[in-house]
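Where a number appears in this text, it was derived from the coordinates with a stated rule and is not lab data. Note that the structure is predicted; figures quoted are calculated from it, not measured. Note that we place each Cβ from the backbone using ideal geometry, even for glycine, and neighbour counts take in every protein chain shown.
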Amino acid sequence: MTQPQHDTRTTSFRTELTRGEDRIDTRTWAGGIPSRPAIAPRFRVGRRWFNILWLLPIGFVVALVGVAVAQWLRTLPAVQDFIATYPGTIITPQAEADAGIPWWVNVQHFVNIMFMMFIIRSGWQILADHPRLYWTRHSRPGAEWMRMAPPSPDDPLWTAKQDCVELPTHLGLPGGRHTIGLARWWHLTMDLGWLLNGIVFYVLIFATGHWQRIVPTSWEVFPQALSTAIQYLSLDLPAEHGWVAYNGLQLLTYFVTVFVAAPLALITGLGMSPALSTRFGRISKVFSIQLARSLHSLVMVWFVVFIVAHVTMVLITAAVPNLNMMFAARDSDGPVGVVVFGVALAIIIAAWLWATPFTRHHPRFVQRAGDTIVGPLQRQLERLDVHPGTYDEKDISDYFWHNGRFPDSQEYADLRAGGFKDYRLRVNGLVDHPVELSLADLRALPYHEQITQHYCIQGWSGIAKWGGVSMSTIVDLVRPRPEAHWVIFYSIAEGSDGGIYYDAQPIEQMSSELTMLAYDMNDEPLSYGHGAPLRLRNELQLGFKHVKWVKGVEFVEDFREVGSGTGGYNNDHEYFGYSQTI
Ligand SMILES: Nc1nc2c(c(=O)[nH]1)N[C@H]1C(S)=C(S)[C@@H](COP(=O)(O)O)O[C@H]1N2
Ligand SMILES: [Mo]
């Protein structure tokens, strides 16, 4: 028996998709999102907000006072004795025997600068996409401790996308507004390179004994550091012995940077992953995504302050010997180090200026390269076995951000006006038994409920209780064929550039305990803004994959047949990736 052509149970929604651009046109980018420049970060202390720029005059005054105090201190005999006893650097016979900086330290140092440049710039871009930092997972506007955006307006449907801010072209990577998809590819791929470089560095320093140069081995490091600080501040600089050993202040800051800040950057980065956080719920319940995100940002501040202070000190203390040491592996006053440093600096500046235009002209390349390098790891995390139970009723957030483009069609307005009586969910594709389900049909299926945390790619989070139908129930109903490997969820609503919103998910995840179609949120029917009448939840993935206002589910062999073929609306139009477990 053949089915008639117009049988809606088998027609696909693919024809309602539009293709994404292969180049960024800043005028039409993200649906022509208007400019909204970032403001200088503000910090909240109690109910008052302070502009970070105040730190400039305050810091200047503190520095002046510090210099005056240090100079006065150095006139005191007790302080002079102290500095004579602790001149700043601990020089052991062992250190003298092992003097020198090997060439591999020079290479790793330069490679590290390159990675850090890309990581920090793309990190700022990611932060600008949700320019607020919170201590709790509930992400309520007004409760943040840092913001780089004006306060949110009092609009209950204000979206996180509207809230994002723009960074100047060559500051953020790739600059502009809501370019988080591309920024994340840069951030995550460079992270891997930086991590690899760091692992090699750890192995080499411990294999060669070079670790002794940056790991304090005696408590004496503290008085030596204090002595160094007083000498620096007094502007009468201590003697330099960098070729043999670093002074106490260097030793402590290098140690903290390599052995505290760097590992913390990795751990706090992983703390923002939906898949890892859902899998390791007990840890994530204490070490929440917002705590991780705040600490991750503070680690960034440490690195930025370190870089500025470090470069300043290198240049004002003994620039030529310092550059010879770190760029030419030699103990010399000659020009070689300066020349090599000049070349290195030129490469860094060129890479800096190249990155944004390249990304805007070749976003598909960045997306594909990023997915090739990071994708396999992200897909590995899709195998994590997640269960409910981390959160209960009392954990539910009293504020839950809205996001995306709301449905604005007559078709949707009519459905909503009729209490969704005429709504039908079409489930078809490579299945034995395509169906169309009304809301009443869906409510008649076995009820599934879960209290879970939402992780938006932009950085906000919130906990809600979702009620509806488990995707495994739907799978049992329609019986996918063996050749079905992907499941496409289509929305009633258009995406920001027109054409309906959609997303592709691997079929294996349809049997996950936490993949469901929700029609209730916090025991109420789903609201307009949160996806009425039906939305997807897949707790292994970031929020943009949770399609709202779902009207169709299609089982396909390969998502490359659908839309622009990258696995989702944001992937087609904003260069996101299709596996977003982190
Ligand atoms: N149809 C559709 N679904 C969508 C979006 C969208 O723009 N259109 N945005 C996604 C994003 S980015 C997020 S974070 C969540 C937000 O869900 P919420 O508004 O209920 O918080 O919905 C997702 N589902
Ligand atoms: Mo999102």
Table column - 3J(HN,Hα) (Hz), segment 223-235, Karplus curve with 6.51, -1.76, 1.60, x for Gly and Pro:
x, 5, 5, 4, 4, 4, 4, 4, 5, 4, 4, 6, 6
Give the peptides 265-273, 570-578 in descending order of average Cβ contacts within 10 Å, highest first.
570-578, 265-273
Which one, 170, 189, 128, projects farthest toward the positive side of the charge dipole computed for segment 109-218 from Cβ point charges (K/R +1, D/E -1)?
189
In Hz, Karplus ³J(HN,Hα) per residue of segment 500-508 (6.51, -1.76, 1.60; θ = phi - 60°; x = Gly, Pro):
6, 6, 7, 7, 9, 10, x, 5, 4
Quick one: which residues, 5 or more positions from residue 431 or on another chain, have an amide H under 5 Å from its amide H? H modelled 1.01 Å from N in the peptide plane, none for Pro or chain starts.
481
Between segment 478-496 and segment 506-582, what's the alpha-carbon centroid distance in Å?
9
Sequence-distant residues sharing a close amide H with residue 17 (under 5 Å, placed H)
500
For residue 568, what is the net charge nearby, where nearby means another residue's Cβ is under 10 Å from its Cβ and Lys, Arg count +1, Asp, Glu -1?
-2
Within straight cross-link reach of residue 551, meaning Cα distance under 13 Å, which aspartates and glutamates are found once same-chain residues fewer than 8 apart are removed?
16, 411, 422, 436, 494, 503
Below 10 angstrom from the Cβ of residue 138, what's the summed charge of the other residues (Lys, Arg +1; Asp, Glu -1)?
0
Highest to lowest packing among 554-566, 398-410, scored as the average C-beta count within 10 Å
554-566, 398-410
Under the helix-only model (-39500 (n - 2.57) for each DSSP H run of 4 or more, divided by the residues of the chain), the mean residue ellipticity at 222 nm, to 500 deg cm²/dmol, is -14000 deg cm²/dmol
Using alpha carbon centroids, what distance separates segment 154-187 and segment 14-32, in Å?
16
Considering amide H positions built from the backbone, and no H for Pro or chain starts, which residues 5 or more places from residue 402, or on another chain, come under 5 Å of its amide H?
160
Report the local net charge at residue 86: Lys and Arg +1, Asp and Glu -1, summed over other residues whose C-beta lies under 14 Å from its C-beta.
-1
If you find the alpha carbon centre of segment 393-425 and of segment 226-289, how far apart are they in angstrom?
46
List the relative contact order of segment 172-288 as a percent without decimals, with contacts defined as Cα pairs under 8 Å and 6+ residues apart.
18
Placing unit charges on C-beta atoms (Lys and Arg positive, Asp and Glu negative, everything else neutral), compute the dipole magnitude of segment 1-160 about its Cα centre in debye, rounded to 20.
640
What percent do you get for the relative contact order of the chain when only Cα pairs under 8 Å and 6+ apart count?
18
Net charge dipole size for segment 275-422 [Lys, Arg +1 and Asp, Glu -1 on Cβ; Debye, nearest 20]:
280
If you place +1 on the Cβ of every Lys and Arg, -1 on the Cβ of every Asp and Glu, and leave all else neutral, what size is the dipole of the chain about its Cα centre, to the nearest 20 Debye?
740
Read phi for every residue in segment 378-384 and hand back ³J(HN,Hα) as whole Hz from Karplus 6.51 cos²θ - 1.76 cosθ + 1.60, θ = phi - 60°, with x for Gly and Pro.
4, 6, 4, 6, 5, 7, 4
